[in-house]
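Derivation of every value follows stated rules applied to the coordinates shown; laboratory data play no part. If you're wondering where the values come from, they're calculated on a predicted model, not measured in any experiment. All Cβ positions, even for glycine, are placed from backbone atoms using ideal geometry, and neighbour counts span all protein chains on display.
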Amino acid sequence: MRYLPLTPEDRRQMLARVGVSSIDDLFEDVPAAARLDGLVDLPLHQGELAVERELGALAARNVAAGSVPSFLGAGAYRHHVPATVDHLIQRSEFLTAYTPYQPEVSQGTLQMLFEFQTQVALITGMEVANASMYDGATACAEAALMACRLTRREKVVLSGGLHPHYRDVTKTSVKFGSVHLDIAEPDPDGAEDLAARIDGETACVIVQNPSFFGRLKDLRALADACHAAGALLVVVVTEVVSLGLVASPGEMGADIVVAEGQSLGVPLGFGGPYVGLFACRQKHVRQMPGRLCGETVDQDGRRGYVLTLSTREQHIRREKATSNICTNAGLCALAFSIHMTLLGEAGLTELASLNHRTAVALADRLARVPGVEVMADAFFNEFTLRLAKPAAQVVETLAGKGILAGVPVSRLYANRPALENLLLVAATECNTEADGDRLASALEEALR
Amino acid sequence: MLNEGRQTRGTGTAAEGPDTWTGARALDQDTPLIFEQDSPGACGVDLPDGPDVANRLGGLERKGAIGLPGLAEPEVMRHYVRLSRQNYAIDIGVYPLGSCTMKHNPRLNEKVARMPGFSDIHPLQPESTVQGALELMDRLGHWLKTLTGMPAVALSPAAGAHGELCGLMAIRAAHEARGDARKVVLVPESAHGTNPATAAMCGYAVKSIPADETGRVDLAALEAMVDEDVAAIMLTNPNTCGLFERDIIRVAEAVHGVGAYFYCDGANFNAIVGRVRPGDLGIDAMHINLHKTFSTPHGGGGPGSGPVVFSDALAPFAPIPYVIERKDGDGFHLVEHVPDSEVQPFGRMKGFHGQMGMFTRALAYMMSHGSDGLRQVAEDAVLNANYVRASLADVMSQAFDGPCMHEALFDDSFLKGTGVSTLDIAKAMIDEGFHPMTMYFPLVVHGALLIEPTETESKDGLDRFIGAMRHIVERAKSGDAEHFAGAPYYAPRRRLDETLAARKPILRFEPAMQDAAE
């Protein structure tokens, strides 16, 4: 077996050193009734070639988004990842290191995290950011809990423009506690009045920008309404590239910002692993979940980095910790950070602009298709279409023609007849004008 | 991890060697923060112009600059390569971090995960275009269920602690479904910190179970603690002392006897995979860290993946989404909404469907090993740990007598009177070219040193490690405490002042920092 270095002779010598006659002696604490004498009913070991062949066959049964015109978004976006990113994250020293608990031999990971935290704070317009969460949805749930701890209140208002998975994960996280959720109806028209839902019990309002339906909104008035009532504004961003062009949540008055960082450096990968971003105001940092990296000096006075403020965390505080999170999304945070470094100020701004203009051109093209209504007025790189037919059926028809047309809203909102004809369409720098033409003519045909 | 051993600045003397003008020491080179390498206007990507259309942002354009630095691609490459060289890694040497299972990460896994059919599929593509992915999830689930002897699995949890949450949520949902409002979760003193933190997130009060003199759960104490108010016990097996809980079946009986459930923290599954099925031990739910037992890379702190296997009693409460195989060969279906049927999922834990990239890697690893290889994994992991234990027992102090499972636990009594601490030993190991063991955990042992070599270390490698450890211990006992207080001497940094970092937190780069330095 290629991953196991011990030879039979090694094993014999080692058993002798241990002072037992067979390996079974080392498993004698296992109750006799639970010892497996033979092998479990699974295939025997295989060489690289065989495994690659078998899994390659499974991979071949999926339609790679890059092999066809693809317009899917809804919280996961297909962007071009520079070759440098994937090369660097496969460096052994990043890939096969553990959490940097021994800082003297982990400065690479730690300095990267310090840079990552700074990048996240800058793009969200916040003062501090942590070293990552599992994904945007779990970060959203953690933000709700943090806001409740900070305000000592127990009502959380969720916008109807929040991604349904973020809503559901938040629901799960409060399911067995005293926090209750006030969930607004799905809001494709951007007409909801969240301020009216705020009262003296409200810990926070959670709103996504651009919304699940693609709408961009000015959140300043909502922030004011929150703050006037002693509540916090939590802003969710599922497409971080938008932050290169749109006013940051911090600028609009957010107290906590959570985001899905997948768009930078991380492939679609059928939904994971991704990377959750979590940023807040400095004064709230001690209620933040997750790891934080901080600057310090070593014994010789040289600058260095360590994990810090760990008295918030489970390995120190146990049941009194701010969260149970331990392993987070280190390598995806690295990918995000490298991609962001490659882009820099100019690159992120340009990339965002390119995404936006590609989406505007696509919206204009699709607006000319009979049976299609473009619902958004202000958007970034994704918008909602109202079709003359149920969207799921249209998407299925187009998939048959080798076009991944977008995400039917009904995929995430089951049994909502009013939403059945809505289709979410996203465009990124990966989409060409020819892609848009193919989508438009296929839609035209399907809606005829 | 630790809650002792948080250090302030060390006290030893400076490392030897002449100064250099750059501060570099040949291959050992620092790299400034990216923000200190800003070359305004430089950029590491080239983008096309795109369509020339007016913006439709509704007046929400960002006004000021973001503050991100500009670097060209060669500078970016060099920055991260230099950073990488300041990390220790499994690919460099022994990484015996107890409870973390730092085993070799096969690159076949990486290759497979990067096949476009896996890496470039959107989670919300029509099911007809992702049948291979759904089948892969189903197949991974089959391997996990078969290896654990459990009938159901939830794949979506993102890491071990997230899996614990999944398990406890299902347990609470099961109690509530029959109108049973229990309040307490029992957790051994030796447990990972995530266990009590998870129980608290599910709204439970945590009660601590004492350990007996052999390092295992005190069965008599446990039996006295279980009553109708107990919702569950959370037990790691093999436990964090590296020992198999001999009385586990009686623990299960005691817990089930009062209508409570048995949650097992599967962090240490590597020790028993292929030799023991948790389902045969009376366990109701257990998470499996794919990034431990099944070799997906730790990546400097994630991403992980923590699927949870369930007993029949808890299976109906498992979260969405999950994959089912349709009848009549009609392919696979992902259940994403709470179905109108006899099952009662407690909800959703994560965006989309789980850590697919980790599923691909883990399955490639399992298929490579097969049922025969996985059993050998457990045996070699246990043999390696016992070899280390037996080879150090005469100079260090084994915490509990007898053989161990996959990790060897020592306490710090062998250091008594030397002026050298567990932390000092850890730092001296760095100079010898090893990553330190886990220190000051589990909490039930004073000054704990927990060594988990894993099965992917060779005998020669272990002999070298053992030789180094014996040398370090002899030096400690010879009264050279001052040397230890200064270690490490040869790492990219010497001891870092963690107290300063916590007292005056600097959590991001500020331009003022740079100005002040200039």
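Things worth noting here:
- Counting only DSSP H runs of at least 4 residues, each contributing -39500 (n - 2.57), and dividing by the residue count of chain A, the helix-based mean residue ellipticity at 222 nm comes to -11000 deg cm²/dmol.
- The charge dipole of the protein assembly as shown, taken about its Cα centre with unit charges on the Cβ atoms of Lys, Arg (+1), Asp and Glu (-1) only, comes to about 600 debye.
- The stretch B:34-157, relative contact order in percent, only Cα pairs under 8 angstrom and at least six apart counted: 19
- Across peptide A:213-226, the mean count of Cβ atoms from other chains lying within 10 Å of each residue's own Cβ comes to 1.
- Couplings for the stretch A:38-45, taken from phi via the Karplus curve 6.51 cos²θ - 1.76 cosθ + 1.60 with θ = phi - 60°, read x, 8, 5, 7, 9, x, 7, 4 Hz in order; Gly and Pro are left as x.
- Only the Cβ atoms of Lys and Arg (+1) and of Asp and Glu (-1) were treated as charged; on that basis the dipole of the stretch B:109-364 about its Cα centre amounts to roughly 700 debye.
- Taking θ as phi - 60° and the Karplus parameters 6.51, -1.76 and 1.60, the scalar couplings of the stretch B:303-308 work out to x, x, 6, x, x, 10 Hz in sequence order, x denoting glycine and proline.
- √(5λ) per eigenvalue of the Cα gyration tensor, the stretch B:381-424, largest first, Å: 21, 10, 8
- Positive-end residue, the stretch B:109-364 charge dipole about Cα centroid, Cβ charges, pick of B:ALA170, B:PRO339, B:MET115: B:MET115
- Taking amide hydrogens as placed 1.01 Å from N in the peptide plane, the amide H of A:VAL246 sits under 5 Å from those of B:ARG62, each at least 5 positions away in sequence or on another chain.
- Cα pair distances of the stretch A:74-219 binned at 10 Å [whole percent]: 10, 30, 32, 19, 9, 0
- MRE, 222 nm, helices only [DSSP H, n ≥ 4, -39500 (n - 2.57), over chain B, to nearest 500]: -10000 deg cm²/dmol
- Dipole of the stretch A:21-142 [Lys/Arg +1, Asp/Glu -1 at C-beta], most positive-end residue of A:PHE71, A:PHE94, A:ALA141: A:PHE71
- Average beta-carbon neighbours from other chains, 10 Å sphere, peptide A:310-316: 6
- Distant-in-sequence amide H partners of A:TYR305 (H built 1.01 Å from N, under 5 Å): A:THR296
- Phi to ³J(HN,Hα) by Karplus 6.51 cos²θ - 1.76 cosθ + 1.60 over the stretch B:98-110, Hz, x for Gly, Pro: x, 6, 10, 6, 8, 9, 4, 9, x, 7, 4, 4, 5
- In range of the label at A:ALA50: residues from the stretch B:373-394 whose backbone nitrogen is under 20 Å from the point 7 Å along Cα→Cβ: B:373-378
- Length-normalised contact order of the stretch B:378-495 in % [C-alpha pairs under 8 Å, at least 6 apart]: 31
- Pairwise label distance in nanometres, A:ASP199 with A:ARG302, each label 7 Å out on the Cα-Cβ vector: 6.0
- Placing a pseudo-label 7 Å from each Cα along the Cα-to-Cβ vector at A:ALA221 and A:CYS430 gives an inter-label distance of 3.8 nm.
- Pairs of Cα atoms nearer than 8 Å and 6+ residues apart set the relative contact order; for chain B it is 21 percent.
- Binned Cα-Cα distances of the stretch A:309-371, short to long, each 10 Å bin given as a whole percent: 18, 20, 20, 21, 14, 6, 0
- Percent of beta bridges antiparallel (DSSP, chain B, rounded to nearest 5): 55
- Bins of 10 Å from zero: percent of alpha-carbon pairs in the stretch A:156-308: 10, 35, 35, 14, 5, 1, 0
- Radius ratio Rg over Rh of the protein assembly as shown, counting only Cα atoms, Kirkwood formula for Rh: 0.96
- Shielding score for A:79-87, defined as the mean number of other chain Cβ atoms within 10 Å: 3
- Contour excess over end-to-end distance, with Cα ends at A:ALA16 and A:LEU39 and 0.36 nm allotted per residue: 5.7 nm
- Candidate cross-link partners of B:LYS350 among the lysines, defined by an alpha-carbon separation under 20 Å and a same-chain spacing of 8 or more, comprise A:LYS171, A:LYS175.
- Where both bridge residues fall in chain A, DSSP classifies roughly 55% of the beta bridges as antiparallel.
- Membrane-span-like helices in chain A, defined here as complete DSSP H runs extending at least 20 Å along the helix axis by their C-alpha atoms with mean Kyte-Doolittle hydropathy no lower than -1.0, are A:107-124, A:136-151, A:330-367, A:433-447; this is a sequence and geometry rule, not a statement about a membrane.
- All other residues whose Cβ lies under 11 angstrom from that of B:ARG107 are scored, Lys and Arg at +1 and Asp and Glu at -1, for a net of 0.
- Compared with the alpha-carbon gap, the fully stretched path from B:SER478 to B:SER39 is longer by 152.7 nm at 0.36 nm per residue.
- Taken about its Cα centre, the stretch A:83-339 carries a charge dipole of roughly 680 debye when the Cβ of each Lys and Arg holds +1 and the Cβ of each Asp and Glu holds -1.
- DSSP bridge orientation in the stretch A:83-339 - percent antiparallel, rounded to nearest 5: 45
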